[in-house]
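Accompanying notes for the structure given below.
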Amino acid sequence: EMITTDVIIIGAGASGITAAKTLADQGVTDFVMLEATDRVGGRVRNADFAGGKVELGANWVEGVNGPGPVNPVWTLAQEVNLRSFYSFFDNGTSNIYDERGFVPIEEAASTVEAADKAFEFVGELSKNLTEGNIEDISQQTGQRFFGFYPKTAIEMALDWWYYDFTTAEPPRASSLKNTVPLPTEEIFGPDHYFVADPRGYAVVFQPLLKSYLKMDGETVVDSRLKLGKVVNKIEYTDTGVVVSTADGSVYKAKAAIVTASIGVLQSNLINFSPGLPFWKMSVIYQFDMAVYTKIFLSFPSKFWPTHPGSEFMLYADESRGYYTIWQSLDKQFPDKSLIFVTVTDEQSKRVNQQSFNDTLGEVMVVLRKMFGENIPMADEIYYYDWQSDPYAKGSYSNWPIGVSTFEFKQLQAPVGRVYFCGEHTSELYSGYLHGALLEGERTGNEVIQCLKKGKCQGDFAAGMKPPPDSCRAAMKKEAEKTKKYWSKQVDSLRDQLHGKCT
Ligand SMILES: Cc1cc2nc3c(=O)[nH]c(=O)nc-3n(C[C@H](O)[C@H](O)[C@H](O)COP(=O)(O)OP(=O)(O)OC[C@H]3O[C@@H](n4cnc5c(N)ncnc54)[C@H](O)[C@@H]3O)c2cc1C
């Protein structure tokens, strides 16, 4: 039996939820949402831990309190009265530990100052690159322009804190222009709020879901949302799609919106027929799916500092990224003794492959170095392996060096009547929950344009046209001029930040 509808939305995470809402708001109500798992929310998901609930995926509302537009996640958070806590990230660099224990602030001060200045420099450098229309470089290349070569354990910990803690990949892998300064902070504001709500962070989706789906209390009872439907085949043409699921169901529609993560698209879970064109697959393979893991620990009592400003603690190890960032959950869970440590990339993949017990052994060794031999043993440990989750295949995307803005447009672009969106297609906010929400809206509107006005290839077709030859010569001349201007700017900026400028 083939079910016919107008639009098929694949995935009921943040972007699927807003894509469907955008369609419904504009009168396209004949759609189905096919979700592989038995719940909505995707990478916003919590778990029981030590008698409370911890967030395994998205944890912060990122980018709050700016003078300009309000982060849409923050708006939803206010609407549902989400329980969240301001994160004092700035204090992290005052709480550095190494194998000898606490490193006195004076001892680390000059290293912290140099890392701060290098970070400030790469931010300015990135703006120069963008303004001058100069090609992208990696974060690490930017650091080298400043002369920042992290070698010592403390330098490496700071390097990890400034870069990997956000992008979940090392500076040598990440695009500078698209990650620093962070558009999320520049546009929505510098503040970040850590969510610890017994209802789960996913409660922010409730107002959206309620606006267009039939609900029984907090549960969706609308037959358009189909859970447990793993899409494994998408056949498409320029006029429609046929989507099949692993349980043998088949759906036919005028368009499909695929919100599966870039990690899922890189895997062969979904078979496209005909195969996606080279330009599309090439950028899908080139973009990065990073791995970020929070390792939660519960203790019989607290042995870490609990005074204000001690929430974030940096552990500097000889091995870069080895259990670097520790965060206590004293404010969030005052009656418990909970702490967690974050690992990314190779360290993340490593812990995902070993047992909880092996990881516990390693983190206890680190904690004993930080706080002394007499600390109690943890009585619970938990972390989630996002990389092995077949419907996530990693934590969130990171814009790698080597993907141009044009290629990024290819990542967003539809192929036939298949539209793509998710956090990974957000040009300004890739990786983030608000990026996913906004992309669902953008793509929903693109599909509306197609269904109602017959404009089915979005903005991309226009972007594909090469500039005329006359224009190219002028562009080249302009680029030479800006390159010269830019190299002078970099020299003076570097001098200023090194304090050499009179
Ligand atoms: C560990 C971690 C920490 C994070 N921290 C933050 C944070 O603090 N702040 C922040 O803003 N963001 C954070 N994020 C990122 C944020 O969670 C994501 O950007 C956002 O949730 C992605 O939404 P999405 O709709 O693009 O994708 P998803 O949430 O992945 O939704 C896609 C949906 O598609 C489904 N699906 C996949 N394949 C198929 C298939 N073949 N058939 C049917 N359904 C399918 C999936 O099950 C999923 O429900 C974090 C993510 C992780 C994992």
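Derivation of every value follows stated rules applied to the coordinates shown; laboratory data play no part. This is a predicted model, so every value here is computed, not measured. No Cβ is skipped: glycine too gets one built from the backbone with ideal geometry, and neighbour counts run over all protein chains shown.
Of all the stretches in the chain, which is the longest one without any exposed loop site, taking trypsin sites (Lys or Arg not before Pro) in a DSSP loop (any state but H, G, I, E, B) with at most 10 other Cβ atoms within 10 Å?
Value returned for the longest uninterrupted segment is 152-499.
Let me have the 222 nm mean residue ellipticity of the chain computed from DSSP H runs of 4+ only, each contributing -39500 (n - 2.57), with the sum over all residues rounded to the nearest 500.
That comes out to -10500 deg cm²/dmol.
Using a 7 Å offset from Cα along Cα-Cβ at PHE85, what residues in the stretch 284-325 end up with backbone N under 19 Å from the label point?
Hits in the stretch 284-325 for PHE85 at 19 Å: 294-315, 325.
Once you keep just the Cα pairs under 8 angstrom separated by 6 or more residues, what percentage relative contact order results for the chain?
24 percent
With respect to the cross-link table entries LYS117/LYS177; LYS214/LYS453; LYS151/LYS349, which display a Cα-Cα separation exceeding 21 Å?
Checking Cα-Cα distances, LYS214/LYS453; LYS151/LYS349 exceed 21 Å.
Can you spot the aspartates and glutamates whose alpha carbon is less than 14 Å from LYS210's alpha carbon? Ignore those fewer than 8 places along the same chain.
ASP25, GLU79, GLU218, ASP222
Restricting attention to the stretch 258-357, which GluC sites (Glu not before Pro) occupy a DSSP loop and are surrounded by at most 13 other Cβ atoms within 10 Å?
GLU318
Tell me, how many Å apart are the Cα centres for the stretch 14-47 and for the stretch 159-177?
Measuring centre to centre over Cα atoms gives 31 Å.
Using alpha carbons only, how many angstrom separate the centre of the stretch 245-293 from the centre of the stretch 81-125?
The distance from the Cα centre of the stretch 245-293 to that of the stretch 81-125 comes to 39 Å.
Fully extended, how many nm does the chain gain between SER388 and GLU106 (0.36 nm per residue separation, minus their Cα-Cα distance)?
The span from SER388 to GLU106 would gain 97.2 nm if fully extended.
What length, rounded to one decimal in nm, is gained on full extension from ILE284 through to LYS127, with 0.36 nm per residue of separation minus their alpha-carbon distance? Numbers along the way, then the final one.
Details: separation 157, 0.36 × 157 = 56.52 nm, distance 2.64 nm.
Full-extension gain reported as 53.9 nm.
In straight Cα distance, which lysines are under 17 Å from LYS476, not counting same-chain residues fewer than 8 positions off?
LYS484
Aspartates and glutamates near LYS252 by alpha-carbon distance under 14 Å, same-chain residues fewer than 8 away left out - which ones?
GLU1, ASP6, ASP30, GLU235, ASP238
Which entries in LYS229/LYS393; LYS369/LYS393; LYS53/LYS294; LYS280/LYS452 show an alpha-carbon gap greater than 24 Å?
Over 24 Å Cα-Cα: LYS369/LYS393; LYS280/LYS452.
³J(HN,Hα) across the stretch 117-134 via Karplus (A = 6.51, B = -1.76, C = 1.60, θ = phi - 60°), whole Hz, x for Gly/Pro?
5, 4, 5, 4, 4, 5, x, 5, 4, 4, 5, 4, 4, 5, 4, x, 6, 8
Write out the GluC sites (Glu not before Pro) in the stretch 68-176 meeting two conditions: DSSP loop, and at most 11 other Cβ atoms within 10 Å of their Cβ.
GLU135
If I stretch the segment between LYS453 and GLU99 completely, what's the gain in nm (0.36 nm per residue apart, minus their alpha carbon distance), one decimal?
121.0 nm
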